[in-house]
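To start, the structure under review is shown below, and the notes come after it.
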Amino acid sequence: MHTVTPDRPHHQQQSLRFLMLYALAAAGGSAAYAPFLTLLLPVRVTGQWGAQGLEILSYTAFAGAVAASIANIVFGWLSDRTRNRRGWILAGVFVSGVLLVAMQHVETVASLLAMIVLWQVGLNMMLNPLLAWAGDCVPDEQKGLLGGLLSIAPALGAFTGMIITYPGLAGGDTRLVLNAVIVAAMILPVVFFGRPRPMPHLVTAMHEEGRPAEHAKDEPVRRMWIARLLVQIAEAALFAFLLLWLRSIDGTMTDNDTARVFTVVLIASVPLALVIGRWSDKVDRPRLPLTVTAGGAALGLVALAGAHTGPTAMAAYVLFGVMAGIFLALHSSQTLRVLPRPGTRGRDLGIFNLTNTVPSLVMPWIVLALIPAFGFQGLFLLLAGLSAVACLLLATMPRI
């Protein structure tokens, strides 16, 4: 039975219509970059530059991550200052869509890098204000439900990739246009028709820049940031190198096998995240699911280190992937609970976004340093240790 503590008064809940449209928009945010970065860009680069493709993709990944890190903070800050989340979301949808379609005209590596940087700027013009808008509109009593709904985003992003790459549906250039149209169709409904109920208590300090919210403390913020970074490093490493490792222990493994196990993880994570998130709202235990899933991710990585056959390896990855997927979805919503100042919510979310971009910058160096000396088992054990530290940080942090 849900109980309301004296220091957490019950407020009006946000409408289900807004939450559902917002979940669709969050999925549109995932669809805005996942199909392009994982499918369309690699095919275009390798087709245009051949053997140089891998090196060029590495450059684009690095430049894009740096641009995304900076732009997310800048546009978060701007959406705070202008107090206009929806305007920035609309501008970001338009700018990122136009630049995505314009990728078809890129002919040199220099122009590709420039376009990737500009596209990341437009993309984060939309992504940060979109997440910050949830902080302005969704009360703490619904943060768990919000996190469960956010778990749908990666699955729909992957599904969008399947649609636009369906054989015979569209050519290379048309796929870019189709991707941009689908993203707009997913994000614009919440902007125009969401009509969220006003939540004055969530934006009380919007007009009082620099004044901390009374219930917030800096310590939970630091712990939440570090915990997400550690789990994200593990998730990024597994996503990038799972196929290579599976083939090293079972030569019959194919890219389709890996795609299927990724799909199983995405599908399984959604209902579990919804149920667990809703449960955490009812019992007012927002920290517990994060602690348990971080620990579960660590156990999955230990199992990966001990796996010696393809089926056991895939089972261990499913355990890790599902736990990490639930953790990241619920963490995204619960982060909105601990940010110290509503008036700088967008900027602070930009700083939290570094936990999404920094792993892609540091992960390759970790892998290159460990695998030659200790093999994949050493890598998995290190990643298990990182996830275990995340679990410990959350288990011992003050109540959020």
Item to complete: Identify the chymotrypsin sites (Phe, Trp or Tyr not before Pro) of the stretch 307-356 meeting these criteria: DSSP loop state and at most 10 other C-beta atoms within 10 Å of the C-beta.
Response: none
Worksheet item: With each run of n ≥ 4 DSSP H residues scored as -39500 (n - 2.57), what mean residue ellipticity at 222 nm is computed for the chain after dividing by its residue count and rounding to the nearest 500 deg cm²/dmol?
Response: -27000 deg cm²/dmol
Practice prompt. Report the label-to-label distance for Leu54 and Thr38 in nanometres (one decimal), using points 7 Å from each Cα along the Cα→Cβ vector.
Written response: 2.1
Worksheet item: Thr355: net charge of surrounding residues, Cβ under 14 Å, Lys/Arg +1, Asp/Glu -1, itself excluded?
Response: +1
Practice prompt. Just round it to a whole percent: the fraction of Cα-Cα distances in the stretch 16-192 exceeding 22 Å.
Written response: 45
Worksheet item: If you place +1 on the Cβ of every Lys and Arg, -1 on the Cβ of every Asp and Glu, and leave all else neutral, what size is the dipole of the chain about its Cα centre, to the nearest 20 Debye?
Response: 840
Practice prompt. Express the relative contact order of the stretch 218-395 as a whole percentage, based on alpha carbon pairs under 8 Å and six or more residues apart in sequence.
Written response: 43
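Compute the Cα gyration tensor for the stretch 218-395, then decide on rounded, prolate or oblate, letting a ≥ b ≥ c be the square roots of its eigenvalues: rounded whenever a/c is under 1.5, prolate when a/b is larger than b/c in the other cases, and oblate in all that remain.
On the way: a/c = 2.12, a/b = 1.58, b/c = 1.35.
Taking the square roots of the gyration eigenvalues as a ≥ b ≥ c, the stretch 218-395 is prolate.
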Discussion item. Distance between the C-alpha centers of the stretch 73-87 and the stretch 100-116? Whole Å please.
Written reply: 27
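Apply the a/c threshold of 1.5 to the C-alpha gyration tensor of the chain and tell me whether it is rounded, prolate or oblate.
Taking the square roots of the gyration eigenvalues as a ≥ b ≥ c, the chain is oblate.
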Practice prompt. Mind jotting down a quarter of the surface of the convex hull over the alpha carbons of the stretch 233-278, in square nanometres, one decimal?
Written response: 3.8
Discussion item. Run the numbers for Leu16 and Ile163: contour at 0.36 nm per residue of separation, minus the present Cα-Cα distance, in nm.
Written reply: 50.2 nm
Worksheet, complete the sentence: A student applying the Cα gyration tensor rule (rounded when a/c is under 1.5; otherwise prolate if a/b is larger than b/c, oblate if not) would label the stretch 9-65 prolate
Fill in: Charge dipole (the stretch 16-192, unit charges on Cβ, about Cα centre) - positive-most of Ala91, Gly148, Leu16
Leu16
Response to the item:
Here the stretch 46-52 yields Karplus 3J(HN,Hα) values (6.51, -1.76, 1.60; θ = phi - 60°; whole Hz; Gly and Pro given as x) of 5, x, 8, 10, x, 5, 7
Worksheet, complete the sentence: Net charge near Leu19 (other residues with Cβ under 15 Å of its Cβ; Lys, Arg +1; Asp, Glu -1) is +1
Discussion item. Between Arg285 and Ala63, how high is the FRET efficiency from 1/(1 + (r/R0)^6) when r is the Cβ-Cβ distance and R₀ = 51 Å? Nearest 0.05.
Written reply: 0.80
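Once you have the Cα-Cα distance between Glu219 and His308, take 0.36 nm times their residue separation minus that, and quote the gain in nm to one decimal.
Value of the extension gain: 28.0 nm.
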Worksheet item: To the nearest 20 debye, what charge dipole does the stretch 16-192 have about its Cα centre, counting +1 at the Cβ of each Lys and Arg and -1 at the Cβ of each Asp and Glu?
Response: 280
Worksheet, complete the sentence: Length gained, Ala268-Thr204, 0.36 nm per residue minus C-alpha separation, equals 19.3 nm
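We did not get these values from a lab; they are worked out from the coordinates using the rules stated. Here the structure is a predicted model, which means the values were calculated and not measured. Ideal geometry is used to build each Cβ from the backbone, glycine not excepted, and the neighbour counts take in all protein chains shown.
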